Structures are given as structure tokens and as C-alpha cells.
Amino acid sequence: MFHVLENFINYNLLFMKYAFIIAGVLFIALTIAAGLIWIERRLLSVWQDRLGPNRVGPFGLLQVVADTIKLFFKEDWIPPFSDRPVFVLAPGILMITILLTFAVVPFGPDFYVFDSNIGILFFLGNSSLGVYSIVLGGWASNNKYSLIGAMRASAQMLTYEVFMGLSLMGVVMMADSFSFCKIVEEQKGGWFFIPQFVGFIVFFIAGIAETHRLPFDIPEAEGELIAGYHSEYSGMKFGMFFVGEYLGITLISALIATLFFGGWLGPSFLPPVFWFLFKTFFFICVFILLRASLPRPRYDQLMELGWKILLPLSLLNLLITGAILIFLK
Amino acid sequence: MISILRSMWLTFLHVFHKTETVEYPEVKPYLAPRYRGRIVLTRDAEKNERCVACYLCAAVCPVDCISLQATENEEGRRYPEFFRINFSRCIFCGFCEEACPTYAIQLIPDFEMAEYDRQNMVYEKEHLLISGEGKYHGYNFYKNAGVDMGVKGKGEGENEEKPLDVKELLP
């Protein structure tokens, strides 16, 4: 009897621990993503000699809350000419795929939802599934601009998917594992961005294209396509695309920090989670700086950069890394 | 590649620049005296209405926001019976001010005229008419005009010659 109770309590404690970690990861990811809306607007305004939102709450921090309330109360219009079930489903897919990937990202030495031995493949697979959200959203909208945006997005994301994976293979070879936790452990001798600098650059550019962030926001280029694949979306469905984009930035920044900059490794006077969040935040700021400073390339230039420069570069990186690793053995 | 990094660096340097934003309701910007804002109707130094209801402002207005009706008082002096400006249409181009032969209609540096009800944007004559002279002090149209409105005697106007005695011109 006592034994059963003990088992029960242990099981519950384990369950509580996982629930706590999952809630923590979700909380951190969603808070960063929502806070990013405010951070991006403030940072952009700093770089454009403006003030940015500073009216709602201290430093305009409650702007996000106000925006969310507004989005909830907006008319959630589903166009009568759209493909209704797919139209409703599409924004959810984006959120789900990105949030799922956060499960394998180690926030700290013991702070992760699960340590998958195929972590990187899990991430690549999920980001490939993310394309469906945009393609289906654009297709279901039954609007020519949405469709063009969705087509561009699918071509762009498929292109950059290819060498996003290839650029990570150098890291995988050096760490001898697909697991994010193992990769972070392996970086105790030195962060991977020095031996894998080419891989880092290629992954960074591919990451921008993958989240279709501003220099590469060709799927939603507002000058040409109104808002691209989410032209017909309103209310909280648009909000999900919007937050999904910021979640994507957070995810890519977190992965850059994890794979190339030692994840939660750092001087021990601060907790590891802090170092992880600090590095992530740094790359988020770089993403925003890119937005503030660079113009959008033409669509064919983007594809050319991908296929003609970055793909050979990542293949070359793979080859050289492999050769050196074999030579050292 | 270098140019991309350079432009990112130059953008980053803007952290150390001063912000250009004027926080409007707390800090009011300086408006030049000739700023084209709210439209007023002025009076001359004798506190009479300058407007002679010539319809030139209504004719020149590109958005047709001015409407008025001319009438005369018992002395035969023209004035507008009503004078109405629809500020929800007005584009503050200042053509009416340029067209006005009597300096009656003037644009002043005030733009804070937002309303919740669109109908409140329609200003009637009593809203437009001010008691002062606006930008042109001491100007009185009838001192220059040929028509006698009791302001000046014949030949006593500004830039006006004395009337000729026709009989002196005889050879």
C-alpha cells in the first residue's frame, strides 16, 4: 500500500516537473515573441531617429497588450470566396510547427522538454511543415496576391531549406550528434562559430529567408503584394501569422545561439538560462538591425543567391569540414 | 558583402543620434506666422467686416468648401448674408486668401480643430469672423476702391490723384 502511494507520488512529481518545464518553455517563447513586437518597434525607431510607441504603460510596454485586445475585438472575417476549413487551419499550423521545435531546444543544462537524438532533423522537418501553413493560407484565400505570395514563399522556403540543412551538417559532424544538448556540451572546448564560420553565415541567411524576415520578406512584400499570403486574414488569425513570424525569429535566434555560440554555456556567475536568453536576444537584435538597414532584393536575385552562391558554399563547407575531421582522426 | 555590413553599421550608429520626434500634445511645434491653418474672416480698423461678398474665394476654392450669399445694407455696402466653410473638405491651400481683394479671408497658424462629429466641422460666419485685423493692420479696402462708402472723399484715397478740373484742360 505504501509502495503504491510512493510510486504514485513519484510519478506525479515527474509529471509536475515536465508540466512545469513545458509551461516554462511556452511562457518564455510566447513572452519573447509578444514582447518582440514592442522591442522591434522601439529598436527600429531608435535606428530611424524616432521615439516609437511610448504612450501605453511605462515606455509603451503595454502596447502589446493593447494590440492584442484590439486584435481580439476585431471582426474575424472569413471571406465567402475562401476555402473555409483550410483558411481557418492555416495560421494554426505555423504556430504549432514552430512551438513544437522549441521542445528540443535546450534553454539550460536541465531545462528542456525532451532531448531528442534527432533534434536537428526534428527542427528541419518542422520548418518544412511550416511551409504548408503559408501555402495553404495563400491558396485558401482565393486571392491572386495571396496566391503569388504563397508561391513565392514556397519556392523561397524550399530553396533555403536545402542548404539550411546542409549548413548544419558541419556542426553535426563536429559534435557527432543530432541532439541539441550534445551539441551544446561539445562546445565546451570552443564555440562552433569559429571552425564553422561559413556554416554560421549560410545558416543565418537561410534563417532569415526561412522566417521570411525583412530583407527577404518577398512573400509578403507590401509594395508589390499588399500583404502577400495573409492579405485576406484579419483579427486573431492574422495575429497568429504575426506572432508566428516573431516566434520564428526567436526560434532561429535560439538555434543560432545553440548551434554556433554555445547555447547556455557562459561564465558561471550568472545562471545558464540567462546566457542562453542573452545570446538569443542578441541575434534577435541583429535580425531587427537587418530589417532597419537593408532593402529587399528582387525575387530572382534571392533565388540566384540561394542556388548559385549559398548552396555551393555550404557543400564546400561540408566537404572541407569532413576532410579535416577525417585528417585529424 | 562589405557594403551590406557597412550599411548595417551606419544604421547601428543611429543609436547615438538625437531623435527628431516632437512629442506633440506636450511639446507644441513652432508654427510660422504665414502657416496655413484655420481660416478666419477679419475686420478693418473700424471694426467693420472686410468681406464684400465678391465670391472670388468660393470661385477659386478647388474643393468647393466655401459657400456664401451676398447682400447689401441700407448704405449699399456689400457684405455676406451667410458665410460657411466646410473644414472637413478644406485642404488649406490658401487660394482663397490669395484671391481675396479685401484681405478679409486669412489663414492663421492654428490647426487644432479636430471634432468627433463631422457636422461640427462646418463653420458659420459667427465662428469665422474675428474682431481683429489679422495680418494686415490698417488696411481698408474702401480707401483704395472707387466706390464711395463714406470712408474717404473723392480723390483722397491712397495712390489716388485729385480729380481733374476738366475745364482747365481746355487749350
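The values are calculated or read from the model by the stated rules, or taken from the named source; none is laboratory data. Here the structure is a predicted model, which means the values were calculated and not measured. Using ideal geometry, Cβ is built from the backbone for each residue, glycine included, and neighbour counts are taken over all protein chains shown.
Structure data summary
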quantity	calculated
Identity of the residue in the stretch B:1-46, over 17 Å from residue B:135 (Cβ atoms) and of a type in the set (D, E, K, R), that ends up farthest from the chain's Cα centre (by Cα)	B:6
Among the candidates A:294, A:270, A:313, residue that is of a type outside the set (S, T, N, Q), under 22 Å from residue A:40 (Cα atoms) and modelled with pLDDT of 80 or more	A:294
Check on residue A:42, more than 18 Å from the chain's Cα centre (by Cα), over 13 Å from residue A:292 (Cα atoms) and within 14 Å of chain B (Cβ to nearest Cβ)	no
Of residues in the stretch A:139-196 being among the small types (Gly, Ala, Ser) and not in a helix (DSSP H, G or I), the one nearest to the chain's Cα centre (by Cα)	A:179
Residue within the stretch A:115-122 that is under 27 Å from residue A:221 (Cα atoms) and in a helix (DSSP H, G or I) present	no
Helices (runs of 4 or more DSSP H) fully within the stretch A:199-306 counting 2 or more residues that are crowded, with 19+ Cβ neighbours inside 10 Å and away from chain B (no Cβ under 14 Å)	A:235-260, A:272-293
Every residue from the stretch B:137-166 that is assigned to a loop (DSSP other than H, G, I, E, B) and touching an Asp or Glu at 6+ places or on another chain (Cβ under 9 Å)	B:138, B:139, B:140, B:144, B:146, B:149, B:150, B:151, B:152, B:154, B:155, B:162
Single condition residue B:79 does not satisfy, out of (1) within 14 Å of chain A (Cβ to nearest Cβ); (2) of a type in the set (Ser, Thr, Tyr); (3) touching a residue at least 24 places away in the same chain (Cβ under 8 Å)	(1)
Residue list for the stretch A:15-40, restricted to those being of a type in the set (D, E, K, R) and closer than 12 Å to residue A:249 by Cα	A:40
Odd one out for residue A:180 among (1) free of Cβ contacts under 8 Å to residues at least 40 places away in the same chain; (2) within 29 Å of residue A:216 (Cα to Cα)	(1)
Considering residues of the stretch B:102-130 that are assigned to a loop (DSSP other than H, G, I, E, B) and without any contact (Cβ under 8 Å) to a residue 24 or more places away in the chain only, the residue farthest from residue B:58 (Cα to Cα)	B:116
Residue in the stretch A:107-121 that is under 17 Å from the mean Cα position of the chain (by Cα), touching a residue at least 60 places away in the same chain (Cβ under 8 Å) and closer than 27 Å to residue A:293 by Cβ present	no
Search result, residues across the stretch A:75-90 that are among the charged types (D, E, K, R) and over 27 Å from the mean Cα position of the chain (by Cα)	A:75, A:83, A:84
Residue within the stretch B:26-34 that is modelled with pLDDT of 85 or more, touching a strand residue (DSSP E or B) at 6+ places or on another chain (Cβ under 7 Å) and within 30 Å of residue B:145 (Cβ to Cβ) present	no
Residue list for the stretch A:54-68, filter: of a type outside the set (D, E, K, R), more than 25 Å from the chain's Cα centre (by Cα) and part of a loop (DSSP other than H, G, I, E, B)	A:54, A:56, A:57
So residue A:30, is it surrounded by 14 or more Cβ atoms within 10 Å (Cβ to Cβ), within 14 Å of another protein chain (Cβ to nearest Cβ), in contact (Cβ under 8 Å) with a residue 24 or more places away in the chain and in a helix (DSSP H, G or I)	no
Residue match in the stretch B:13-27 (condition: acidic (Asp, Glu), more than 14 Å from chain A (Cβ to nearest Cβ) and farther than 29 Å from residue A:295 by Cα)	no
Of residues in the stretch A:47-77 being buried (at least 19 other Cβ atoms within 10 Å of the Cβ) and within 14 Å of chain B (Cβ to nearest Cβ), the one modelled with the highest pLDDT	A:47
Meets criteria (away from every other protein chain (no Cβ under 14 Å), within 28 Å of residue A:211 (Cβ to Cβ), exposed (fewer than 15 other Cβ atoms within 10 Å of the Cβ) and charged (D, E, K, R)) for residue A:17	no
Long-range neighbours under 8 Å by Cβ, at least six apart or interchain, first residue within 19 Å of residue A:244 (Cβ to Cβ) within the stretch A:63-91, second among the polar types (S, T, N, Q) and in a helix (DSSP H, G or I)	A:90/A:133; A:91/A:133
